[in-house]
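If you scroll down you'll find the structure; I have some questions about it.
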Amino acid sequence: MEHASTECLDREVLASLQARRLERLLSDMYGRNPFYTRKLDEAGIRVEALRFPGDLIQLPLTTKAELAADQMANPPWGTAVSEPLDRYTRYCQTSSTTGRPLRWLDTNESWQWLLECWKAVYRAAHVGRGDRIFFPFSFGPFLAFWAAFEAGCQIGAHCVPGGGMSSELRLAMIETIGATVVCCTPTYALRLAEVAAQHGPTSRPLAESSVRVLIVAGEPGGSIPATRQRIEESWNARVIDHHGLTEVGPVSFECWEVPGFLHLNEGEFICEVISPATLDAVPDGQSGELVVTNLGRTASPVIRYRTGDIVVRRSELCRCGRTWARLEGGILSRADDMVNVRGVNVYPSAIEAVVRGFAEVVEFRSTVSQAGAMRSLAVDIEVAASAQPAVAAKVSQQLREALGLTIPVHVVEPGTLPRFELKARRFVVEG
């Protein structure tokens, strides 16, 4: 693997390296991977005639809907595999927050590639040998932090699983073992802080714990300034954001030196940003949809995969020294999360950016309902006991200024709203 050696390569050299690896991937995959062999044939593409990077846009885009349809037609694994089935040793699936889960297989070799990608996340977070990493979540069939756990072991960190525990027990474990790093979702980092404040299960405040870094993923909260600030203040620790997909792999991460950006791992991925409407490339500084080709997961690759993540790319040199492009503000939104309410496009991340700015708000939920042809949006909030009576009106006013909508905000009883360990579902669309 060439991860560390490619992080600071000249961008022209990097593009040449990517081109050679893509040519090799397509050559090895064609005729062995039925899904992509069929796609390339239907598009009339002769793999041996392609020249990269110029011919990249000739390759057809891949969508999640295509992969899901392929698995339904060819259960249970689909045909997007390049090796005999008896070579696959790992199984993961998507979290299915937007529909039927995708099932994904890896060989030992492609799984090791994933671990190498995660090691880039740890390098950027200044995590390594001597750190003790705590994983406070149940280990289900999601790629999520499985790769993070095994990669942590390989870099010499002490990795401690925290499945099958209550939040109180997990907080006690963090203190008992002297954890220096916690890997979780932004939501669960806040939930642990809430439990610590309510129940005080440890002998010292959370902000005085041994934890110095929280690596968060699964939601945009790690790159939303208000959410990030609340986590960092609650834990007195640095937040490092990270982004990936089960079917793609660990594709981006934040560096220690420059918060608020996610480096794209261009040593192992070709990353494009396109207009979701026209499918044309968009220049740096303009928002578009992230499209990813993974170069090393050869047993189960994705080619020009439409992630649905809306981003703004920047390609200038980062202060950390990496030449890999960055996503300004992280993942800004998801294309399939947008809801039009009375003529205004509303994204869940925009609501969170406002609500998390109010320290009095403990938890919240947005509900989009429809009466006839008209959609409406309302927000429920749980507030701290010390909150002023006018907090709901203040939140509503800030939402109106940010979104241009009048949104009713209701205070509900403590404990009314659900809590989450993995991806939160705070944006509910009814009907």
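Stretch Ala385-Arg38 to full length: gain in nm at 0.36 nm per residue minus the Cα-Cα span?
So the chain would gain 118.9 nm between Ala385 and Arg38.
Per residue, how much accessible area does region 71-131 show when a 1.4 Å probe rolls over the protein heavy atoms, in square angstrom?
Each residue of region 71-131 exposes 45 Å² on average to a 1.4 Å probe.
Helix-only estimate, please: 222 nm mean residue ellipticity of the chain, summing -39500 (n - 2.57) across DSSP H runs of length 4 or more and dividing by its residues, to the nearest 500. Walk me through the intermediate numbers first.
Details: 11 runs with 125 residues, N = 431.
Value at 222 nm, helices only: -9000 deg cm²/dmol.
Report, in degrees rounded to the nearest 10, the 0 to 90 angle that the Cα long axis of helix 186-199 makes with the longest principal axis of the chain.
Rounded to the nearest ten degrees, it is 30.
For region 65-76, just list the computed ³J(HN,Hα) in residue order, Karplus coefficients 6.51, -1.76 and 1.60, θ = phi - 60°, integers in Hz, with x standing in for Gly and Pro.
Working through the residues one at a time gives 4, 4, 5, 5, 5, 5, 5, 5, 7, 9, x, x Hz.
Then there is this: Which angle between 0 and 90 degrees, to the nearest 10, do you get for helix 108-124 versus the longest principal axis of the chain when only C-alpha atoms count?
50 degrees
Taking region 34-135, which trypsin sites (Lys or Arg not before Pro) meet the DSSP loop condition and have no more than 16 other C-beta atoms within 10 Å? Before the final figure, lay out the partial values.
Numbers: sites: Arg38, Lys39, Arg46, Arg51, Lys64, Arg87, Arg90, Arg103, Lys119, Arg123, Arg129, Arg132; in loops: Arg46, Arg51, Arg129.
The qualifying sites are Arg46, Arg51, Arg129.
Oh, and also: Select from region 213-270 those GluC sites (Glu not before Pro) which occupy a DSSP coil region and have at most 15 other Cβ atoms within 10 Å, ordered by residue number.
Glu257
Pop the C-beta distance of Asn345 and Ile177 into the FRET formula with R0 = 45 Å and round what comes out to the nearest 0.05. Numbers along the way, then the final one.
Values: r = 45 Å, r/R0 = 1.01.
Computed FRET efficiency for Asn345 and Ile177 comes out at 0.50.
In debye, nearest 20: dipole of region 1-157 around its Cα centre with unit charges on the Cβ of K, R (+) and D, E (-)?
For this selection, approximately 280 debye.
For the chain, which whole-number percentage of the solvent-accessible area (1.4 Å probe, protein heavy atoms only) is attributable to carbon and sulfur atoms?
Carbon and sulfur atoms account for 52 percent of the accessible area of the chain.
Largest first, how would Ser234, Ser27 line up by accessible area (1.4 Å probe)?
Ranked from most to least accessible, the order is Ser27, Ser234.
Something else about it: Out of region 1-70, which chymotrypsin sites (Phe, Trp or Tyr not before Pro) are coil in DSSP terms and have no more than 10 other C-beta atoms within 10 Å?
Values: sites: Tyr30, Phe35, Tyr36; in loops: Tyr30.
Loop-located and lightly packed - none at all.
Keeping all protein chains in position, work out how much accessible area Ser349 exposes to a 1.4 Å probe, and write it in Å² to the nearest 10.
Taking all protein chains as shown, Ser349 has close to 20 Å².
Using the heavy atoms of the protein chains alone and a 1.4 angstrom probe, what is the accessible area of region 275-350 per residue in square angstrom?
38 Å²
If Arg400, Arg297 are ordered by their accessible area, calculated over protein heavy atoms with a 1.4 Å probe, which sequence runs from highest to lowest? Kindly include the intermediate steps, with their values, before the conclusion.
On the way: Arg400 135, Arg297 0 Å².
Ranking Arg400, Arg297 by accessible area, largest first, yields Arg400, Arg297.
Could I ask something else about it? Post the alpha-carbon centroid distance, region 300-321 to region 90-132, in whole angstrom.
Each part reduced to its Cα centre gives a spacing of 17 Å.
The values are calculated or read from the model by the stated rules, or taken from the named source; none is laboratory data. The structure displayed is predicted, hence computed values, not measured ones. Counting neighbours? That spans all protein chains shown, and the Cβs are built from the backbone with ideal geometry, glycine included. Just the protein is used for accessible areas: all its heavy atoms, side chains included, with ligands, DNA and RNA removed. Shrake-Rupley method; radii C 1.70, N 1.55, O 1.52, S 1.80 Å.
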